[in-house]
Amino acid sequence: MGRTALLRRLLLVPPTLVGVAVIVFVLLRVVPGDPIAMMIPPGASADDIDRLRAAYGLDKSILVQLVAWFGDLVTGHLGTSISLRQSVGTLILGRLPATLELVALATVIAVALGTALALAGAFYRRGPGEWIVDGIIGVVVAIPDFLWGLIFILLLGVVYPVLPISGRIDPRLSTDFATQFYLVEALVTGQLTIARGLLAHMLMPAVALALPLAAIIARVLKASLAVAESADYAQMARARGFSRRTVLLDEALPNAVIPTVTLTGVQFTFLVGGTVLIERIFSYEGIGNMAVDAVINRDLPLIQGIVLTFAILFIAINLAIDILVTFLNPRLRRG
């Protein structure tokens, strides 16, 4: 990606976010249901309801509410949660690090497992080994992440209870974190016992998220390796007497990575979106779990803030992947 293309992408970010914000804002207000009805106590009078509606600005027209919300966004204020009575920005910043750590761990697992399967399938091409790898990929990709989560809970949490099935950290552990990035902070500060406890809680949801992505990575990388192995540079390396393993790892793999990275970036956005169900299943204290609660309670400001946060993440991830692909393929730097 050249400087011109990068600048063009950056210039498109603000209108994209504005479009997402407007669409979500309007849709939430035309959907039937009254968020105030979710928070009023039994026996509340009509005057009480009207006062609450006025306090949250819901008594005004959609256009007036939209202008007021954008005015708050300019000042960095995402509004106040109707159900939790706290700043939306504070709530999101309190939960987002947990989701980012979970997604990061899932990505590492997916890339490692997908690459290993692809290399095994490529190395044993046209043999029983390739059939086994293709069978594993087919089974893994056919099962959605939330179903993997339920399977893991049944097997590793109930039948063979070796891992915790809910929460982010054991409440019995004494924790005093300066940030919300618990795992990163525990590793940096050498709190290995706490880090192990965090990883134990994260392992099942992370693997559940990672498996479908790992299967997709394996399938695409395996096909790319087949193309790379038949290329001239790989054939020349083989003619010079290099072993099949050396040709595969040193010649074919670096050239097969580029399309895989592009696909991984696209799928990564779905991985972030998949945290909504996975975090709910495992009662994991991330932004995805909070999004479900916000929808149940019809907490409009919180839903708007979460959707806008996801939109920013998706844009940032896609931009980062484009830059990474350009770095891996210098020919794309022109223009």
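Summary table
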{"quantity": "Residues located in the range 56-88, provided they are of a type in the set (Gly, Ala, Ser), modelled with pLDDT under 85 and under 28 Å from the mean Cα position of the chain (by Cα)", "calculated": "Gly76, Gly79, Ser83"}
{"quantity": "Residue within the range 139-149 that is within 17 Å of Ser283 (Cα to Cα), charged (D, E, K, R) and in the same structural domain as Arg280 (by TED's automatic domain parsing) present", "calculated": "yes"}
{"quantity": "Members of the range 288-297 found to be outside any helix (DSSP H, G or I) and either surrounded by fewer than 17 Cβ atoms within 10 Å (Cβ to Cβ) or touching a Cys at 6+ places or on another chain (Cβ under 9 Å) (or both), listed by number", "calculated": "none"}
{"quantity": "Odd one out for Val227, checked against (1) among the β-branched types (Val, Ile, Thr); (2) crowded, with 17+ Cβ neighbours inside 10 Å; (3) free of Cβ contacts under 8 Å to residues at least 40 places away in the same chain", "calculated": "(2)"}
{"quantity": "Tabulated pairs, the range 112-130, first surrounded by 14 or more Cβ atoms within 10 Å (Cβ to Cβ), second among the small types (Gly, Ala, Ser), C-beta under 6 angstrom, 6+ apart or interchain", "calculated": "Leu113/Ala214; Gly114/Ala214; Gly114/Ala218; Leu117/Ala218; Ala118/Ala218; Glu130/Gly121"}
{"quantity": "Residue ID - farthest from Pro97 (Cα to Cα), chosen from residues in the range 127-183 that are of a type in the set (D, E, K, R) and part of a helix (DSSP H, G or I)", "calculated": "Glu130"}
{"quantity": "Residues being surrounded by 16 or more Cβ atoms within 10 Å (Cβ to Cβ), touching a residue at least 60 places away in the same chain (Cβ under 8 Å) and not β-branched (Val, Ile, Thr) - total across the range 151-197", "calculated": "5"}
{"quantity": "Single unsatisfied condition, Asp59 versus (1) surrounded by fewer than 17 Cβ atoms within 10 Å (Cβ to Cβ); (2) in a helix (DSSP H, G or I); (3) not assigned by TED's automatic domain parsing to the domain that holds Leu187", "calculated": "(2)"}
{"quantity": "Test set (1) of a type outside the set (Val, Ile, Thr); (2) crowded, with 19+ Cβ neighbours inside 10 Å; (3) outside any loop (DSSP other than H, G, I, E, B) - Gln235 fails condition number", "calculated": "(2)"}
{"quantity": "Among residues of the range 240-287, those that are crowded, with 17+ Cβ neighbours inside 10 Å, within 11 Å of the chain's Cα centre (by Cα) and among the β-branched types (Val, Ile, Thr), counted", "calculated": "5"}
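The values are calculated or read from the model by the stated rules, or taken from the named source; none is laboratory data. All figures in this text were calculated on a predicted structure; none of them were measured in a lab. Here Cβ is always computed from backbone atoms with ideal geometry, including for glycine, and neighbour counts include all displayed protein chains.
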